[in-house]
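Have a look at the structure below, then the notes.
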Amino acid sequence: MRDRSKSYKYESVGGLRASNLLEYLTQGGTDEKTIHILAQDILDYVRARRDCADFRAAYLLRVIYSFSGVIGEGMTAEIADELLSFPYEDCGGHSMCTWTENHRLYAAGTEYLLALRYPGGKFADEKPADYHREHGRKSLITGLSHMIKYGFSEWCSNNYYSETMAGLANLVQFAQDPDIKNLAKEALYMLVYDILSQTVYNDGYMYNPACARAYVDNKVSALHGNYMEVQIKAMRGEKTSLYKEKEACMFLLLQAKDESGKPLFEIPKKWLELPDKKGREICLRQGIDIDDYGKEGFKEYSPENVRYAFVSGAISDYRVISNNMRYLRETGLIDNGMLKSLKPFAKPVLYRSGLLKALKRFVYVGFDGVSMEEGRIYTYADGNYSISAAFDYRVGQVLYQQNSLSLNLSHKVSLFANTPFSESDKTGSPCYWIGSGAAGRAAAYKNFGVIIFDACHARLGLKKSHAYFPVGLFDEVDLSGILKGVLLGRTSGVNVCLRTNPGVYFRAFEDSRKNDLAVYQDEKIPRDYYDNEYDLMNETKGFHFYAYEVDNTLSFAEFKKLMEERTLEFSAENGTLEYSLNKIKFGFSGKFTVEGREFRPDFRRPADIVREELAKEAAL
């Protein structure tokens with residue numbers, strides 16, 4: 001993981017150092033002054049109601065449940081008072097996101113566990129603890145039930161899974177209601193299987209499949225963006241230090257025992273061995289297609305139905321937009337700092353008449369159907385690399401944070417391609433590297449991955465695509481075929497060949513270093529990380545393609561010779577591709593065939609896989 005050691009200035013025990021309250025306490029720290037300093041840091045964040053303050057609130061609740069005897073009555077009371085004053089229902093007056101999957105889980109989980117811990121506590125809304133316990137319980141039962149039925153709406157996101165894992169760990173360890181505890185445990189098993197089954201190791205753990213939510217640091221490398229690496233180490237029994245609050249929640253659950261001394265949460269040994277196995281094909285079907293909301297009874301307006309649509313990030317989806325605008329207005333959430341741009345449209349005359357749906361053709365972003373819909377994710381993991389594709393995911397539509405094709409070659413190099421939503425001097429989400437102005441069609445089969453874009457669908461003035469190919473981070477590269485659209489590289493024993501449209505070129509490195517605000521936003525990737533080009537530009541008219549072949553058996557010289565023997569034919573006019581490896585045929589539309597037969601993976605819901613796996617484990 002990225003070196004965060006500069007933040008770790010508080011000595012705990014045994015020579016370990018900490019940067020946050022939960023880490024300090026988990027490592028056995030007891031110094032009253034240090035506890036006070038670290039507690040105030042997180043309390044100040046929660047008091048400010050900044051984005052992700054609800055995450056910190058859940059960490060503070062974990063501190064009370066696990067370490068109230070260490071921090072003392074005074075500090076426990078101060079934390080409890082702040083948590084009791086926190087908003088657990090949607091309302092305006094703050095800048096927090098409260099609607100996506102991990103936020104919903106944290107809000108309901110913290111509300112329920114807090115009311116459980118303080119049955120006589122006075123909540124800020126003056127409603128009794130019994131109300132909040134039942135309110136949180138109802139939200140958890142509904143949310144966890146849908147999570148288990150459909151899988152995760154923020155599927156395969158190494159960034160957001162870390163928060164979901166922490167929220168579930170808190171419930172598994174502390175919930176008293178058996179329904180909540182059992183549902184949370186099943187969902188956590190789903191998450192653990194998802195992560196371990198798609199993880200590979202090459203100089204470090206890599207979990208970065210095609211996913212519903214990813215930022216630049218997540219997409220470019222495990223070194224900077226795998227937010228699950230520490231938890232993977234902990235699950236596999238490896239010693240680790242330098243971890244954040246969210247990671248500590250899972251650590252503590254893995255150490256917890258019931259009254260008989262049995263672990264509260266035990267991962268099957270066979271799952272723990274998955275990252276070491278070669279030639280794995282994982283086929284997951286996760287999330288709910290928003291077109292299926294009617295089948296689930298969510299079509300009619302109710303706060304519960306709207307909140308469930310929000311879990312998929314469907315705040316501005318034109319198919320549910322009228323209900324959403326009504327809810328935002330009635331709760332006051334339209335005054336939330338993140339939703340101000342929607343306020344002009346939250347008028348009763350618009351959402352009651354249905355005019356909002358008609359605005360889709362005039363408002364490029366806002367009512368364009370954006371949501372984290374059902375993903376069908378195929379991943380091939382071969383010991384030290386993985387290729388992952390979301391088959392036929394929102395092809396031609398705007399992606400906010402989704403990533404349809406991901407290749408993980410080493411701990412420092414992952415590859416992807418997209419159509420930029422904005423120029424590189426803009427930040428936010430979506431932008432130059434995050435999401436896509438128009439999603440491509442992606443597919444993968446074993447050591448081959450491909451994505452095809454229709455540049456005609458791209459944004460006006462941005463009729464281009466580009467691929468991340470960090471020349472300076474490879475151990476060896478061969479760019480002699482770039483004019484023909486062929487680039488080769490090798491990193492930590494893994495070879496890759498990228499084939500794309502002839503005429504591609506690298507954006508000048510000095511230009512990238514100076515003007516690429518998108519890749520350096522939030523300073524998660526340091527400015528001195530690159531020393532060479534990484535931005536491969538494609539401005540071909542018509543369809544753009546990026547086809548990757550990966551190998552971990554040959555030397556670089558042998559691999560280059562093999563690639564010279566491969567043939568690829570692509571029609572920029574029709575968007576169709578034929579590749580000599582396995583006689584692959586693929587296009588922007590139509591079938592994906594391998595050896596003359598359509599390749600249609602058996603995508604399965606995580607709950608079905610996990611129940612089957614756990615049944616096998618119990619039978620041993």
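Read the figures in this text as sums done on the coordinates, not as results from a lab. Everything numeric here is computed off the predicted structure, so don't read it as measured data. Neighbour counts run over all protein chains shown; Cβ positions are idealised from the backbone, glycine included.
Side notes on the structure shown:
- For the chain, the longest principal axis of the C-alpha atoms and the axis of helix 32-47 are separated by about 70°.
- Rh (Kirkwood; distinct C-alpha pairs) - region 379-598, Å: 17.4 Å
- Taken about its Cα centre, region 459-545 carries a charge dipole of about 540 debye when Lys and Arg each add +1 at the Cβ and Asp and Glu each add -1 at the Cβ.
- Selection from Gly428, Gly489, Met206 lying farthest towards where the dipole of the chain points positive, charges on Cβ: Gly428
- Given charges at Cβ of Lys, Arg, Asp, Glu: region 7-129 dipole, positive-most of Tyr88, Tyr24, Tyr118: Tyr24
- Enclosed volume per residue, in Å³, of the convex hull spanned by Cα atoms of region 53-150: 97 Å³
- Taking a ≥ b ≥ c as the square roots of the eigenvalues of the alpha-carbon gyration tensor, region 302-361 is classed rounded because a/c is under 1.5.
- Selected from Gly313, Ser341, Leu359, residue furthest toward positive end of dipole (region 302-361; charges at beta carbon): Leu359
- Among the listed pairs Lys464/Lys541; Lys127/Lys343; Lys270/Lys616; Lys181/Lys299; Lys299/Lys357, those beyond 18 Å (Cα-Cα): Lys127/Lys343; Lys181/Lys299
- Virtual spin-label span in nm between Asp203 and Leu462, 7 Å along Cα→Cβ: 3.1 nm
- Dipole magnitude of region 7-129, debye to nearest 20 (Cβ charges: Lys/Arg +1, Asp/Glu -1, about Cα centre): 160 debye
- Degrees, to the nearest 10: 556-565 long Cα axis against longest axis of the chain: 60 degrees
- Relative contact order of region 379-598, pairs being alpha-carbon contacts under 8 Å that are 6 or more residues apart, as %: 18 percent
- In a simple Cβ point-charge model (Lys, Arg +1; Asp, Glu -1; nothing else charged), the chain has a dipole of about 1040 debye relative to its Cα centre.
- Mean separation of Cα contacts under 8 Å (6+ apart) over length of region 393-475, as relative contact order %: 33 percent
- The label point for Lys270 and the one for Cys52, both projected 7 Å from the Cα toward the Cβ, are 3.7 nm apart.
- Taking one quarter of the surface of the C-alpha convex hull of the chain gives a mean projected area of 28.0 nm².
- Net charge over other residues, Cβ less than 15 angstrom from the Cβ of Lys541 (K, R count +1; D, E count -1): -1
- Local electrostatic count, Phe599, Cβ distance below 15 Å [Lys/Arg +1, Asp/Glu -1]: +2
- The chain - mean residue ellipticity at 222 nm from DSSP helices (-39,500 (n - 2.57) per run, n ≥ 4, rounded to 500): -11000 deg cm²/dmol
- Each of Glu78, Glu266, Glu423 has some number of other Cβ atoms within 10 Å of its Cβ, and from fewest to most they run Glu266, Glu423, Glu78.
- Members of Lys484/Lys560; Lys244/Lys412; Lys219/Lys524; Lys33/Lys239; Lys426/Lys524 lying beyond 18 Å, as alpha-carbon distances in this model show: Lys244/Lys412; Lys33/Lys239
- Based on every Cα atom in region 495-598, Rg and the maximum pairwise Cα distance Dmax equal 17.2, 48 Å.
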